[in-house]
Amino acid sequence: MGEKGADPATGALTALLTCSMAFSMMQLFLIGALGPRLVVELDVSPTALGLTTTVGFSTAAVLSPVGGRVVDRVGPRRCLVALLGVAAVALVLIGSAPNAGFLLAAVALGGLPQALANPTTNKAILAVVTPARRGAVTGMKQSGVQLGAFAAGLPLAALAGLAGWRGAVWTAAGAAAVAAVWAARAMPADPPAKSSPAVWVPRGMIAWLMAFSLLLGCGIASVNTYLSLYGTERLGLGPTSAGALVAVLGVAGIAGRVGWSKVAGRPDRAAWLPGSLAVGAVAAALLLAGSSSVRPLAWVAAVAVGVFAVAANAVSMVLVMQRAAPGRAGQDSALVSAGFFAGFAVGPPLFGVLAEAGRYGGGWLLVAAEFAGAGAVALLWAVQEHRAGVRS
């Protein structure tokens, strides 16, 4: 591949990987954006709404280390097609859910695409994209997650108003199936399958990033899951306007991931970025806490969560790709992702207890504390890295 951004092959790969990231987590954003409708039509309590996220991301966290090894062994093309195919099936089942129990089972299946997403897409970038372009391509494909948030929060939420929430979810399922066919036709053939040594215990930078991602995931998942419901229950917004809050977060997340990942493409800056972005995320959570009194702050806070908190996860993926051991990019990506998914599993139920009691302000302060913990971990690691560099 050439190094120019206009390289059509690199552009096509970037578009495919961006769509894949969007579909890998589409269920999360759909459940968040359609939360007010699910609460009414399926008689799902706020706590149960958070439990859907817990089930999906617990599955993803457990499967991630195995998924990373599978990607390293069989290659990104096969795994990308599987990711998109399973995402389509999971969305069909979510749209067919007659009750909360069936919904939870369908969401659990959707944990598999989440487990495969980062290892598969990172491996594809390392195989095809030149080093000079990897930071920018990584940021763009990571922005696919927020593209999914935008799609769920605006066009699909609007479609739900016309065709019902099931019709909106089934539309997303059809699009995922089309993307699976695209991946099968467009991705280069995988190399012959090969075995690689298993790495189950994170060490060094991967261990630090795993802890950082755990705390970051707790906060982001709580915002994703409850922002729309908060808009309807506390800010007086209608379901479509409350879904637009999620869409605003998604658009800001796209800009944040693309912009900060380009900055992280310079290794001398990358180590300090996760902690710095986490500090900005703390401010965003505090704005949410104050928005019950000053309602326009909720929109500012949604932008800030996207620009800082959501972008920090993309920067951690750039760091993994810069420093992954040869042949282990899939497994290293998967271990960091496992921490992030574990945070997504833990965060919403904790917030849900407060939401059930009507204490949204306390919930946003909890999110601020989670982001602060992530920032402390990241800054401690950056200081350690700096001292090690000085000594060498």
- Query: Quick one: is VAL246 aliphatic (A, V, I, L, M), open to solvent by 30 Å² or more (accessible area, probe 1.4 Å) and touching a residue at least 12 places away in the same chain (Cβ under 8 Å)?
  - Reply: no
- Taking the stated definitions as given, is VAL320 open to solvent by 10 Å² or more (accessible area, probe 1.4 Å) and either at negative phi or hydroxyl-bearing (Ser, Thr, Tyr) (or both)? no
- Output yes when any residue across the range 162-183 is farther than 18 Å from GLY250 by Cα, open to solvent by 50 Å² or more (accessible area, probe 1.4 Å) and among the basic types (Lys, Arg), and no when none is. yes
- Query: Would the range 51-74 turn up any residue that is open to solvent by less than 20 Å² (accessible area, probe 1.4 Å), over 22 Å from ALA342 (Cα atoms) and out of contact with any Ser or Thr (no Cβ under 7 Å at 6 or more places or on another chain)?
  - Reply: no
- Message: Just the residues that are hydroxyl-bearing (Ser, Thr, Tyr) and over 27 Å from GLY35 (Cβ atoms), please, taken from the range 124-157.
- Response: THR130, THR138
- Query: Does at least one position in the range 343-355 carry a residue that is in contact with a helix residue (DSSP H, G or I) (Cβ under 9 Å, 6 or more places away or on another chain), surrounded by fewer than 24 Cβ atoms within 10 Å (Cβ to Cβ) and within 21 Å of PRO274 (Cβ to Cβ)?
  - Reply: yes
- Do we have any residue at all in the range 102-111 that's part of a helix (DSSP H, G or I), surrounded by fewer than 22 Cβ atoms within 10 Å (Cβ to Cβ) and of a type in the set (Gly, Ala, Ser)? yes
- Taking the options ALA298, ALA329, name whichever one is of a type outside the set (D, E, K, R), buried (at least 19 other Cβ atoms within 10 Å of the Cβ) and more than 23 Å from LEU28 (Cα to Cα). ALA329
- Would the range 19-29 turn up any residue that is modelled with pLDDT of 85 or more, farther than 26 Å from PRO192 by Cα, surrounded by 23 or more Cβ atoms within 10 Å (Cβ to Cβ) and among the polar types (S, T, N, Q)? yes
- Taking the residues in the range 240-284 that are outside any helix (DSSP H, G or I) and modelled with pLDDT of 85 or more as candidates, determine which candidate is farthest from VAL303 (Cα to Cα). ALA271
- Message: So, in the range 277-320, how many residues would count as being polar (S, T, N, Q) and under 25 Å from PRO119 (Cα atoms)?
- Response: 2
- For ALA97: the one exception among (1) within 16 Å of the chain's Cα centre (by Cα); (2) among the small types (Gly, Ala, Ser); (3) assigned to a loop (DSSP other than H, G, I, E, B): (1)
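The values are calculated or read from the model by the stated rules, or taken from the named source; none is laboratory data. Remember, it's a predicted structure, so these values are computed and weren't measured experimentally. All Cβ positions, even for glycine, are placed from backbone atoms using ideal geometry, and neighbour counts span all protein chains on display. These area figures cover heavy atoms from the full protein model, side chains too; ligands, DNA and RNA do not enter into them. Shrake-Rupley method; radii C 1.70, N 1.55, O 1.52, S 1.80 Å.
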